[in-house]
Each structure stands twice: as structure tokens, then as C-alpha cells.
Amino acid sequence: MVARNPVPARRPASAAWGVQLLLNARWTPLFFAAEKYGLAFVDICLLLAALGATVLLAVRVDRRVSCLLAPYLLWVGYAAALNLALWLTN
């Protein structure tokens, strides 16, 4: 919906979406394959920030998109808490 919307705020929202996708793609190999829990935690914190920016920027384009991103934001927050707990215990 954001990509098809002609609103000028579309470009920053799309850029933020791309950044969070890249950070999401980096987290899995860092956490699971390399077992670099500290680096993975830094990555997921950046992912949370980028996702928050995506939600805030997307609300200017289409409020429904921001609402649909809320469960994803909660899930990434939960994954970050688990990542931190694993990092601190190992």
C-alpha cells in the first residue's frame, strides 16, 4: 500500500522499510549460524529502531500499514529480549 501511494512521504517510508529488511536479514545468520549474540543484539536493537521509524513514517502515508506492522514490532521486541537473555547467560 505504501509503495503504490502517490503521497510524497512514500519515499522515506519505503527507505525505512528497506533498511529494516536488511537488518532483519543480517540478524538470523549472526544469531543462529555465527552464535554472535552480542552483535546480534546490537543488530536487533538497530532493527527495532528502523522498524519504529518505518511505523512512524508509514502512518503519514497509510494508517492501516502502521497498524499492520504493530504485531511485527512486538515480535521483534520479544526476540530482542530473548536475544539479550541468551547473551547475558552465555
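The values are calculated or read from the model by the stated rules, or taken from the named source; none is laboratory data. What you see is a predicted model; the values in this text were computed from it and never measured. Backbone-built Cβ (ideal geometry, glycine too); neighbour counts: all protein chains shown.
Here ARG64, ARG60 are screened, and the one residue that is under 22 Å from GLY18 (Cα atoms), in a loop (DSSP other than H, G, I, E, B) and not aliphatic (A, V, I, L, M) is ARG60. Taking first residues from the stretch 58-71 that are farther than 19 Å from LEU48 by Cα and partners that are of a type outside the set (A, V, I, L, M), the Cβ contacts under 8 Å between residues at least 6 apart in sequence or on separate chains come to VAL61/ASN5; VAL61/ARG10; ASP62/ASN5.
In the stretch 47-57, the count of residues that are hydrophobic (A, V, I, L, M, F, W, C), farther than 15 Å from GLY77 by Cα and touching a residue at least 40 places away in the same chain (Cβ under 8 Å) is one or more. Kindly evaluate ALA50 against the criterion of being out of contact with any helix residue (DSSP H, G or I) (no Cβ under 7 Å at 6 or more places or on another chain), hydrophobic (A, V, I, L, M, F, W, C) and in a helix (DSSP H, G or I). Answer is no for this residue. Name the residue that is nearest to ILE44 (Cα to Cα), counting only residues in the stretch 67-90 that are in a helix (DSSP H, G or I) and polar (S, T, N, Q). Here the residue is ASN83. Taking the conditions (1) surrounded by 16 or more Cβ atoms within 10 Å (Cβ to Cβ); (2) not in a helix (DSSP H, G or I) in turn, GLU35 satisfies each one other than (1). Among the residues of the stretch 10-66, the one identified as of a type in the set (Asp, Glu), more than 13 Å from the chain's Cα centre (by Cα) and under 18 Å from ALA80 (Cβ atoms) is GLU35.
Of the candidates ARG26, ARG4, ARG11, the single residue that is at pLDDT below 95, of a type in the set (Lys, Arg) and part of a helix (DSSP H, G or I) is ARG11.
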